[in-house]
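The values are calculated or read from the model by the stated rules, or taken from the named source; none is laboratory data. Everything numeric in this text was worked out from a predicted model, so none of it was measured. Reconstructed Cβ throughout: ideal geometry from the backbone, glycine too, with neighbour counts over all protein chains shown.
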Amino acid sequence: MLKTLQQLLHSMLASIRDLIPIVAVILFFQFFVLQQPLPNVGQLMLGVVFVVLGLTFFIHGLEQGLFPIGESMAHAFARKGSVFWLLLFAFALGFGTTVAEPALIAVAAEAANVAATGQMIENSMAAKASYADGLRFTVAFAVGLAIVIGVLRILKGWSIQWMIIGGYMLVVIMTLFAPKEIIGIAYDSGGVTTSTITVPLVTALGVGLASSIKGRNPMIDGFGLIAFASLSPMIFVMAYGMLI
Amino acid sequence: MDIVKDVIDTTLSTITDVLPIAVILFGFQFTVIRKKPANLMQILLGFVWVLLGLSLFLLGLELCLFPLGRLMAEQLTDPSFIHGSAAAAKGLEQISWQDYYWVYWFAFLIGFSTTIAEPSLIAVAIKANEVSAGAIGVWGLRLAVAVGVAMGISLGCYRIVVGDPIHWYIIAGYVVVVIQTCFAPKIIVPLAYDSGGVTTSTVTVPLVAALGLGLSETVPGRNPLIDGFGLIAFASLFPIISVMAYAQITAALARRNKNEDNAGPESDSRTG
């Protein structure tokens, strides 16, 4: 109990230090550039307290829960030796964490608006909703597939450079042919798919796998899953824009 | 009691966010692996901490940072702020991209500071530090990524102001990434690729999106639907470049140090 408290206190100090830059930037712009008083000081202070506590608890839970389970599952799968179940798990993790991602839902809705304005689809609620859902499932599928490919890479020891560079080249080529309205959204969708809970889990999975397979270096082979997860949605969203 | 309602709402939405993940994890744990993890209690407790922490974090952001940040993005891109002095001198039509200098500064600083506070980047930095046995510092990586995001977002704002097509910037960035990949230390490459996707989650995205939309609404001739997007792409491309650059600089410094004094190979190989 005492140890937990001590850890919490320690990481609370770290959280405060992490948040000082934001506070400084906001205050500087508010007072010196825009020259306006702070609105609602009480609410702001409360918000800052919440953010500090939240970050502290999150990092604590990360080290207690997310990292250990990610790694222990990676080790268990490596011992079990069943590639099929491992890949299925990888897909489920990628798909499941993305399909419910709030940032993605927001981007998909926005993309449907763009598509309707650009007369790619009919400008009605139903058409927009089905376009947004289609896009959301496309991205989730893309992330699931990306994690599968990334895990296969770790198993086989393929070098990441050529796969990522090849992927980028595909993005560049597709950019030339994709409808102009979808390009910005496609590029952004790569960034929004990887949420705060997915990233630690996927990282722990990769590092755990690489460290339990002989001949793999966790530093070289363990990282890179997130790179795949942020590259493949760009390709799939542009493909979606071209097909529909 | 609006706050109580907010607390409940945020907690519920975090639970729906975490639930599918928990179902997948524990589903596979009990049906496929069929073994209880050694420290199940600790892990479950960890999930509770994560849930609690994320809810509080999002709630706090919604209470303080987001409204203020969005308001600032609006005010800084507001014609009357930007055009204030410039418009008087040159007339409304001839505002050049330099007149938006405060926007670039804001983009740079807010990109830097929100990245420092990004929880998923902290997570990856902790892991990278652990796996590399300390060779990659937690702060070194975080600062490198933050500088990358900062430069990316300010360049992205410049692009919105001048109205260049986004893909030339992104393609040029990819070319730099490919060239750097050939020369950067092997060990950093996967981590650098990862740091692109890591940077843009909870804290950065809402503020940056507000900035992009505000800017594209204000600048004459920009279409928010087309030009408002794309800042996040900049924010996830540039950290790849800056992390590789960080590793290259560190390696170069280490080499120079070694050449200068051959006495101690451990002298100071971890600058930064």
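Could you check, for the range A:119-132, whether at least one of its residues is within 13 Å of chain B (Cβ to nearest Cβ) and among the aromatic types (Phe, Trp, Tyr)?
There is no residue in the range A:119-132 that is within 13 Å of chain B (Cβ to nearest Cβ) and among the aromatic types (Phe, Trp, Tyr).
Could you tell me how many of the residues in the range B:12-63 are among the acidic types (Asp, Glu) and under 18 Å from residue A:12 (Cβ atoms)?
First, the residues of the range B:12-63 that are among the acidic types (Asp, Glu): B:17, B:62.
Filter again for under 18 Å from residue A:12 (Cβ atoms), leaving none.
Residues that pass the stated criteria total 0.
Give the number of residues within the range A:184-210 that are within 7 Å of another protein chain (Cβ to nearest Cβ) and outside any helix (DSSP H, G or I).
Residues that pass the stated criteria total 4.
I need a count of the residues in the range A:93-132 that are of a type in the set (A, V, I, L, M, F, W, C) and not in a helix (DSSP H, G or I).
3
Among the candidates A:155, A:176, A:135, which residue alone is at pLDDT 85 or above, part of a helix (DSSP H, G or I) and surrounded by fewer than 16 Cβ atoms within 10 Å (Cβ to Cβ)?
Unique residue meeting the criteria: A:176.
Could you run through the range B:116-154 and say how many residues are surrounded by 21 or more Cβ atoms within 10 Å (Cβ to Cβ), facing chain A (nearest Cβ under 9 Å) and among the hydroxyl-bearing types (Ser, Thr, Tyr)?
Count: 1.
Specify the residue that is farthest from the other protein chains (Cβ to nearest Cβ); the eligible residues are those in the range A:76-87 that are assigned to a helix (DSSP H, G or I) and exposed (fewer than 15 other Cβ atoms within 10 Å of the Cβ).
If we take residues in the range A:76-87 being assigned to a helix (DSSP H, G or I) and exposed (fewer than 15 other Cβ atoms within 10 Å of the Cβ), then A:83 is farthest from the other protein chains (Cβ to nearest Cβ).
Within the range A:31-48, track down each residue that is over 26 Å from the mean Cα position of the chain (by Cα) and in a helix (DSSP H, G or I).
Within the range A:31-48, A:31, A:32, A:33, A:41, A:42, A:43, A:44, A:45, A:46 qualify.
Tell me which residues, restricted to the range A:50-75, are of a type in the set (A, V, I, L, M, F, W, C) and more than 7 Å from every other protein chain (Cβ to nearest Cβ).
Within the range A:50-75, A:52, A:67, A:74 meet the criteria.
Could you check how many residues of the range A:191-239 are within 13 Å of residue B:128 (Cβ to Cβ) and in contact with a Ser or Thr (Cβ under 6 Å, 6 or more places away or on another chain)?
Of the residues in that region, 4 qualify.
Within the range B:1-52, how many residues turn out to be at the interface with chain A (Cβ under 9 Å from one of its Cβ atoms) and not in a helix (DSSP H, G or I)?
Selection size over the range B:1-52: 4.
Which one is farthest from residue B:106 (Cα to Cα) among residues in the range B:155-186 that are facing chain A (nearest Cβ under 9 Å), crowded, with 19+ Cβ neighbours inside 10 Å and β-branched (Val, Ile, Thr)?
Step by step, filter the range B:155-186, then rank; the result is B:181.
Checking residue B:79 against (1) over 28 Å from residue A:28 (Cβ atoms); (2) in contact (Cβ under 8 Å) with a residue 40 or more places away in the chain; (3) surrounded by fewer than 17 Cβ atoms within 10 Å (Cβ to Cβ): exactly one of these is not met. Which one?
(1)
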